[in-house]
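One structure below.
Nothing in this text is a laboratory measurement; each read-out follows from the coordinates by a stated rule. Computed from a predicted model, the values in this text were never measured in an experiment. Cβ coordinates were reconstructed from backbone atoms using ideal geometry, including for glycine residues, and neighbour counts include every protein chain displayed.
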Amino acid sequence: MATARPDIAVLKNVRLSFPKLFKAEKSTDTSAPKFSAAFLIDPETAEGKANIKAINAAIEHVKAKTWADKAEKIFNNIEWDRKPLRDGNKATNAEGDVYAGYEDMMYVQASSPEKRRPQVLKRDKSPTVEEDGIIYGGCYVDAVVSVYSVTDKDKGGNGVFASIELVRFRRDGEPFGAGPVDADDYLDDLDDEDDDMI
């Protein structure tokens, strides 16, 4: 294996949310298209703690490299949505409700510009495409993200962000969003005479 880069974090067995990994999309009408995803981490598990430690180590490296002895003060004044590791309880929809699956979780928000499509892999590390249906919101993946800083005022000022390098399918999980409706839950059984009553 290659020598580990200090700005890279490997997140293992994290739950994938809002994946836009095969086609870059705009988040607003005026923004540039990006590949993006969120990676949910359970902070109570040993694996979750290891993932948080990994992303924090990359963040600390980038903070020190960018702001030196002022790093802690500057980072503490950065808004939560301009940092890659976030509190799931702050991830809310337009109605103010916490997204399903985000309660009491931490998550890493990451994106990549349109020209840098992340590698998306099967369990055996061979490439997968969207049509394979392997990658979906709710499945579990391993993700490799690189952390970088922004200081330009025209880019929103100080911030630390994560870029998606690669995502590997790990295992199936409960898909996010409503599942298919079961007809038996909502419709009565009809016999042949029922149509005559219309």
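Within region 89-109, is even one residue within 17 Å of R168 (Cβ to Cβ) and surrounded by 14 or more Cβ atoms within 10 Å (Cβ to Cβ)?
To start, the set of residues in region 89-109 that are within 17 Å of R168 (Cβ to Cβ) comprises 108.
This time we only want the ones that are surrounded by 14 or more Cβ atoms within 10 Å (Cβ to Cβ), so: 108.
Taking every residue of region 89-109 in turn, at least one turns out to be within 17 Å of R168 (Cβ to Cβ) and surrounded by 14 or more Cβ atoms within 10 Å (Cβ to Cβ).
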Q: Give R117, R82 a once-over and let me know the one that is over 18 Å from I55 (Cβ atoms) and in contact (Cβ under 8 Å) with a residue 24 or more places away in the chain.
A: R117
Q. Can you tell me how many residues in region 120-149 are without any contact (Cβ under 8 Å) to a residue 12 or more places away in the chain and either buried (at least 18 other Cβ atoms within 10 Å of the Cβ) or under 24 Å from A54 (Cβ atoms) (or both)?
A. 1
Q: Could you list all residues from region 1-46 that are out of contact with any Asp or Glu (no Cβ under 8 Å at 6 or more places or on another chain) and among the β-branched types (V, I, T)?
A: T3, T28, T30, I41, T45
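Only one of these is farther than 15 Å from G101 by Cα, polar (S, T, N, Q) and assigned to a strand (DSSP E or B): S27, S36. Name it. Even if it seems obvious, please write down each step before you answer.
Working: S27 fails: assigned to a strand (DSSP E or B).
Sole residue among the options that is farther than 15 Å from G101 by Cα, polar (S, T, N, Q) and assigned to a strand (DSSP E or B): S36.
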Q: Scan region 51-70 and give yes if some residue there is on the phi > 0 side of the Ramachandran plot and assigned to a helix (DSSP H, G or I), otherwise no.
A: yes
